[in-house]
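Everything on this sheet refers to the single structure shown next.
The values are calculated or read from the model by the stated rules, or taken from the named source; none is laboratory data. Computed from a predicted model, the values in this text were never measured in an experiment. Note: ideal-geometry Cβ built from the backbone for every residue, glycine included; neighbour counts use all protein chains shown. Note: accessible area is taken over every heavy atom of the protein model, side chains too, but ligands, DNA and RNA are not part of it. Shrake-Rupley method; radii C 1.70, N 1.55, O 1.52, S 1.80 Å.
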Amino acid sequence: MRYVNPFSLLNIQPGSLFDNPASIRSARKSVLADIALDHTVTINGVEISRSDAIRAFSELDNEKVRDIHARVLSYPAFHDFLTGGDTRTFNLYYAAEMYGEIYDDEFLRFLSPFYAEQFSGVLARAISNQHAELISSMSSARFPMQPEWREKAYVPARRHFTEILEHIREIKEELAETDDLESLVPNFVEVSEPQEFFFNPFDQPARVEPMCEFLDWIIDGADIRILNSLPEEFQLLRNNIVGELNNLLVRFTNHCDEHAVALEIADRATEIEAGGVDFDLLSKNKRLIKALVQKDLLELTEIQLSELSRQIQEHSLGSPSDAIKAVYKVFDVDGINSISSTTINNSIIVISKKLTEIAWRLVTSYNSKSDALAVLARGLQLRLSDPAVSETLLRSLTTAYGEIETTQIPVGGTVSQKRESRGETRSSTKPGQSGHHGTDPRGTSSAKQYQSTFTPPEPELTFGLSDQPSFLRSLLKNLSTMTIQQGTTAITAVFAVVLLIFAPIICVTLGEGPARTEKTSLTNTAGTLVNDNASSGSIVIPTPTAAATPIATPSPKVERPNSGVVLNRGSRLGGLGQLSISNGTSKDAIAKLIDMSTGKSYREVYIRSNSSTSISGIAPGEYELVFSSGQDYAPSVKKFLRNAEYSKFDDRLLYQETRDSYGVRYKTFQVTLDKVAYGNASTSRIDEAAFDR
C-alpha cells in the first residue's frame with residue numbers, strides 16, 4: 001500500500017491561505033485532469049495512480065488523518081521516505097526529535113502499514129547492494145509502527161538469511177557423500193597442492209585459492225555485517241547459522257581431514273554475533289582445529305625429515321649441500337617456534353631427534369662433519385613453550401654436536417664413534433651398501449596422506465650430560481659465535497645454552513619407530529569433544545635443579561579492526577537499547593559498556609578514527625561508558641601499544657524498557673568521543689586498571 005500525502009499532491013501547504021475548501025477543490029480537479037490524460041501523475045519522481053489520489057483526497061475529510069498528513073509533511077526527510085523510499089531520514093538520524101513531537105497512538109495506527117511497506121522495499125534493495133551501514137541505521141531508528149507490522153517490515157532480511165542457512169546445509173549434505181574437496185568447491189576457486197618434492201609446510205599457499213572467495217561462497221562477509229546489524233529478533237537466526245557453520249567445519253574435519261579449511265570456516269563463523277550453546281561449541285571446536293592444524297604442520301615436517309634421512313643414507317641426493325638446502329627448506333625453525341605449546345612439545349622433540357639422525361647420516365654417508373654440525377646448529381634455534389623442556393632439548397642437541405665434532409673419520413674406511421658412557425660403538429656401512437628403501441612422498445593437503453615407509457635402523461638414542469665430550473668444557477668458557485663452513489656458505493650459530501658441569505643428568509629419551517598419526521574427532525552436538533592422542537615417542541624430563549633459561553617474548557601482533565567489530569561480549573543478556581558512538585578524533589578507540597550491577601564488561605567495540613558505529617540489543621540496566629584511545633592495537637593483549645589514554649563518561653547510561661498496548665518503548669543514546677560545541681556530557685581520565693574491568 002503506497003503512502004500519498006494529499007497536501008503534497010495538491011501542492012498546498014497546511015495552514016496556509018490556500019488551505020481552504022475552494023482552493024482544495026480547484027487543485028483536486030487539476031490533478032485528476034492530469035491523471036485522466038496520462039493515467040498517472042508524477043509527484044517528486046513518484047508515480048501516483050487515480051485510485052491512490054482519490055483515496056488521499058478523501059482523507060482530508062477526516063480531521064485526525066488530516067492532522068497526521070500535516071505533521072508528516074513538516075518533516076521533509078520522513079515524508080520523502082514514506083512516499084519514495086528516500087533514506088535521508090536514517091542518515092540524519094533525527095528520529096528522536098521527530099517522534100517526540102508527533103508520536104501518538106493514532107499516528108502509529110494510521111502510518112504503520114505504509115511505513116512497513118516502504119521499509120521492506122528499501123531493506124530488500126540495501127541487502128541486494130550489500131549496504132550494511134544503511135541497514136544498521138535503519139535497524140537503529142525507532143519504528144513508527146505497531147509491533148505486528150515489524151515482522152512484515154523485515155521479511156526480506158529473514159528470507160535472505162534463511163536462504164543462506166539452507167545453502168550451508170546443502171554444502172554439509174554434499175560433504176556426507178564425498179570427501180573430495182576438489183569436486184565440492186565451485187569452479188572459480190582451485191584446490192592447491194605442494195609443487196615441490198621437499199617443501200616448507202609453514203610457507204604453502206592456502207588449501208583453497210583464493211580462500212576469501214571460497215568463504216564468501218559459503219557466507220559472504222558483507223552478509224555477516226548485515227546480519228550483525230539486524231535487531232534482537234534475529235538473534236535466533238544468527239545462532240542457527242553459527243550452529244550450521246559449526247556442523248560444516250566438523251564435516252570438513254572428521255570426514256575430509258581438511259583441518260586448514262575448517263579453521264578458516266571457524267574464523268569466518270566467529271565474526272557472527274551469536275550466543276548460547278552454538279557459540280560456545282564453535283569456540284571450543286575452533287581451539288581443537290587450530291591444534292590439529294599445528295600438528296599437521298609438525299607431522300609434515302617430521303615425515304619429510306624422515307624421507308630426507310633415508311635419501312641421505314642411500315646417497316639419493318647429489319651432494320651434502322643438496323641435503324643442507326633440503327633441511328633448511330623443510331625445517332622452518334621460526335614457524336615451529338611460533339606455534340610452540342605444551343601440547344606439541346613431544347612432536348617438536350621428535351623433530352629434533354630427526355635432525356640428530358640426519359646429522360649422523362651426513363657423517364656416516366658423506367663423511368661431512370661440517371654439514372652435520374650445520375644441521376644441529378639449525379636445531380639449536382628451537383625454543384619450546386616450557387623453558388625447562390626447551391633447556392633439556394638444547395642440551396641434548398649440544399651433546400650430539402660434541403659427539404659428532406669428536407668423531408674420527410678414517411680415510412677410506414667406516415665411520416665409528418665410541419660412546420664410553422654407554423659402552424657401545426656405532427658404525428655405518430660405506431656408500432654403496434644396501435639399505436632400507438621407502439616410497440617417494442607426495443605433497444598433499446593433510447599430513448595423514450603424506451606417508452613415508454622409512455624406519456630408522458638405529459637403536460634408541462639416549463643423550464646425557466654425564467658423558468660430555470671435551471669440547472663442551474671449552475664451550476662453557478666461551479659461549480661465543482661459532483662459524484661453520486658449509487661448502488661456500490658460512491652459517492653463524494649462536495649457542496646460548498647454560499651447561500652446568502655438576503648438574504644431575506637430564507635425559508631425553510626419544511622412542512624409535514615409525515610416526516603414528518594423531519586423530520582428533522570433533523562433534524556437532526553440545527557434548528564432550530573427543531581427543532585421542534597417539535604419541536610417537538616418549539619424553540622423560542626430571543625436574544631440573546638449575547634455573548631455566550628465559551625465552552624472549554615476541555612483540556604482540558598489531559591489527560586494526562574495522563569499526564563496529566565486537567572485541568568482547570561479556571554478557572549474553574539482550575534487549576532493545578541502542579548506543580551510537582562517534583569518534584571524531586585522530587586516534588582509534590575502544591568503547592566499553594560496564595554493567596554496574598556486576599561491575600564487569602557488558603560489550604566492547606572498536607571504532608576507527610573519524611568513524612562511527614552503534615551497539616544494539618542492550619539489555620535494561622545502568623551502565624558506565626569507558627573508552628580507550630591510542631595507536632597500534634594488539635588483540636593478544638587487548639590494548640593499544642602506543643599513546644594509550646583512558647577516560648570515562650561521568651554520567652551513567654540508564655536503559656529502560658516499558659511495554660504498552662502498542663509495543664515496547666526503549667531508550668537510545670548518542671555520544672561523541674571528541675569534544676563538540678554545546679556538548680552536554682563530561683568525561684574524566686581514568687587509569688588502565690579501571691578500564692580493564
With θ set to phi - 60°, apply the Karplus curve 6.51 cos²θ - 1.76 cosθ + 1.60 along segment 206-214 and write out the HN-Hα couplings as whole Hz, x wherever there is a Gly or Pro.
-> 4, 4, 10, 10, x, 4, 4, 6, 5
Can you list the equivalent-ellipsoid semi-axes of segment 100-203, largest first and in whole Å, using the square root of 5 times each Cα gyration tensor eigenvalue?
-> 48, 16, 10
Based on the mean of other beta carbon atoms within 10 Å per residue, what is the order of 230-238, 356-364, most packed first?
-> 356-364, 230-238
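How would you order 637-646, 122-131 from highest to lowest mean count of nearby Cβ atoms within 10 Å? Could you put the intermediate results ahead of the total?
Numbers: 637-646: 15.1, 122-131: 16.8.
For the peptides 637-646, 122-131, the packing ranking is 122-131, 637-646.
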Computed lengthening from Ala689 to Ala222, 0.36 nm per intervening residue step minus Cα-Cα distance | 164.6 nm
Cα-centred dipole magnitude for segment 194-286, charges only on beta-carbon of K, R (+1) and D, E (-1), debye, nearest 20 | 240
Work through the residues other than Arg251 whose Cβ is under 10 Å from its Cβ and net out their charges, Lys, Arg +1 and Asp, Glu -1.
-> -3
Given the protein chains as shown and a 1.4 Å probe, how many square angstrom of Leu373 are accessible, to the nearest 10?
-> 20
Protection proxy ranking, peptides 583-593, 148-158, average beta carbon neighbours within 10 Å, highest first = 583-593, 148-158
What is the pair-distance distribution P(r) of segment 589-693, computed from all Cα-Cα distances in 5 Å bins starting at 0, with each bin given as a whole percent?
-> 2, 10, 21, 23, 19, 12, 6, 3, 2, 1, 0
So what is the relative contact order of segment 587-681, in percent, for Cα pairs below 8 Å that sit 6 or more residues apart?
-> 23
If you place +1 on the Cβ of every Lys and Arg and -1 on the Cβ of every Asp and Glu, how big does the dipole about the Cα centre of segment 552-607 come out, in debye to the nearest 20?
-> 100
Expressed in angstrom and rounded, the centroid-to-centroid distance over alpha carbons for segment 566-603 and segment 135-207 is 28
What fraction, in whole percent, of alpha-carbon pairs in segment 181-284 exceed 24 Å separation?
-> 30
Work out the charge dipole of segment 277-318 with +1 on the Cβ of Lys and Arg and -1 on the Cβ of Asp and Glu about the Cα centre, then indicate which of Leu298, Ser316, Asn285 is farthest towards its positive end.
-> Asn285
Using θ = phi - 60° and the Karplus relation 6.51 cos²θ - 1.76 cosθ + 1.60, list the HN-Hα couplings for segment 579-595 in order, rounded to whole Hz, with x at every Gly or Pro.
-> 9, 9, 10, 10, 10, x, 8, 8, 10, 5, 9, 10, 9, 9, 8, 9, 6
Accessible-area order for Cys212, Cys256, largest to smallest, probe 1.4 angstrom, reads Cys212, Cys256
So the carbon and sulfur contribution to the accessible area of segment 600-693, 1.4 Å probe, in percent, is 43
Mind putting a number on the dipole of segment 290-381 about its Cα centre? Charges go on the C-beta only, +1 for Lys and Arg and -1 for Asp and Glu, and I need it in Debye to the nearest 20.
-> 140
